[in-house]
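Asker: Pasting a structure here, questions to come.
We did not get these values from a lab; they are worked out from the coordinates using the rules stated. Model, not experiment: these values are computed from the prediction. So basically every Cβ, Gly included, is an ideal-geometry build from the backbone, and we count neighbours across all protein chains shown.
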Amino acid sequence: MKNSAGGATGLDQLAPLLVVSGPSGVGKSTVVAQALGLSPKLWLSVSATTRAPREGEVDGVSYSFVSDSEFVQMVESGHMLEWAQYAGNKYGTPSAPVQARREAGVPVILEIEVQGARQVRESAPDATLVFIAPPSIGELDARLRGRGTESTDALSARLEIAHEELAAMPEFDHVLVNADVRATAMALLDLCIDP
Ligand code: 5GP
């Protein structure tokens, strides 16, 4: 592919971009952590969020924890690849680090919710969209309730969103049913790492 100046755009040399989505409580983070452990070559994007840190979360590692105005500034200055409002907070993927890794040949994973995945589909059509599904809806509810990280109100909001998110499954390139974390992580790696 050529750009208007006649040079190579490098688009066809970008390392894979894998978008991992699915309802809250499905085990996305655990699956992604396992995949990263199995393949250190992968890089997981660090999202920015206006949500307050949970116990044990480290700024700049789990998320970049920012104020609402800082977040809006990042969006308005065009620095977000995608962003979404989720259960009362904003979450987004800073684009520059993703692009830099991909240009350097490092496959990138985004672990994001469904509205963000839709935006990536538009802005990076070469991305592979993966939906992590629960073995059953009953199991998803039980996992969300059992996690104990949310207040009652936040939990109800997340349960409601989780049910809506399940309806988006057919929009994805691949659906992986998370019955076994290791098997799901290996299936994920198969989608972005050359053997
Ligand atoms: P949590 O508050 O449980 O860490 O995340 C809530 C939801 O936001 C999860 O579904 C998570 O995958 C999603 N999320 C995390 N980072 C991002 C992001 O950068 N963009 C979008 N669109 N969603 C994100």
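Asker: Run through the range 126-172 and list the trypsin sites (Lys or Arg not before Pro) located in a DSSP loop whose Cβ has at most 16 other Cβ atoms within 10 Å. Intermediate values should be presented prior to the final figure.
Answerer: Values: sites: ARG143, ARG145, ARG147, ARG158; in loops: none.
Listed in order of number, the matching sites amount to none.
Asker: Another one. Label point 7 Å out from PHE65 along Cα-to-Cβ: which residues of the range 29-52 have amide N under 20 Å?
Answerer: The answer is 29, 45-52.
Asker: Just need the relative contact order of the chain here, percent rounded to a whole number, with Cα pairs under 8 Å and 6+ apart. Kindly include the intermediate steps, with their values, before the conclusion.
Answerer: Numbers: 309 pairs, mean separation 64.4, N = 195.
That works out to 33 percent.
Asker: Taking the DSSP beta bridges in the chain as the whole, what percent of them are antiparallel, to the nearest 5? Don't skip to the answer; put the middle values down first.
Answerer: Details: 9 of 26 bridges.
The antiparallel proportion sits near 35 percent.
Asker: Still on this structure, please answer the following. Under the rule of -39500 (n - 2.57) per DSSP H run of 4 or more residues, summed and divided by the residues of the chain, what mean residue ellipticity at 222 nm is obtained, to the nearest 500 deg cm²/dmol?
Answerer: Working: 7 runs with 75 residues, N = 195.
After summing the helix terms and dividing by residue count, I get -11500 deg cm²/dmol.
Asker: Please list, in order along the range 60-75, the HN-Hα scalar couplings obtained from phi with the Karplus expression 6.51 cos²θ - 1.76 cosθ + 1.60 (θ = phi - 60°), rounded to whole Hz, x for Gly and Pro.
Answerer: x, 10, 6, 8, 9, 8, 10, 7, 4, 5, 4, 5, 4, 4, 5, 5
Asker: Dividing the Cα radius of gyration by the Kirkwood radius, what Rg/Rh value follows for the range 38-114?
Answerer: Working: Rg = 12.8 Å, Rh = 13.1 Å.
Rg divided by Rh gives 0.97.
Asker: Distance between Cα centroids, the range 175-195 to the range 11-87: provide it in whole Å.
Answerer: 19 Å
Asker: Ranking request for peptides 65-71, 51-57: highest mean number of other beta-carbon atoms within 10 Å first, then the rest in descending order. Walk me through the numbers on the way to the answer.
Answerer: Values: 65-71: 13.4, 51-57: 10.1.
Top to bottom by mean Cβ count within 10 Å: 65-71, 51-57.
Asker: Taking the Cα centre as origin and putting +1 on Lys and Arg beta-carbons and -1 on Asp and Glu beta-carbons, what dipole magnitude results for the chain, to the nearest 20 debye? Could the numbers behind the result be given before it?
Answerer: Values: 15 positive and 25 negative charges, 68 e Å.
Value, rounded to 20: 320 debye.
Asker: Starting from the Kirkwood radius over alpha-carbon pairs of the chain, derive D by Stokes-Einstein at 20 °C in a medium of 1.002 mPa s and give it in µm² s⁻¹. Show your work: numbers first, answer last.
Answerer: Details: Rh = 17.5 Å.
After rounding, the answer is 123 µm²/s.
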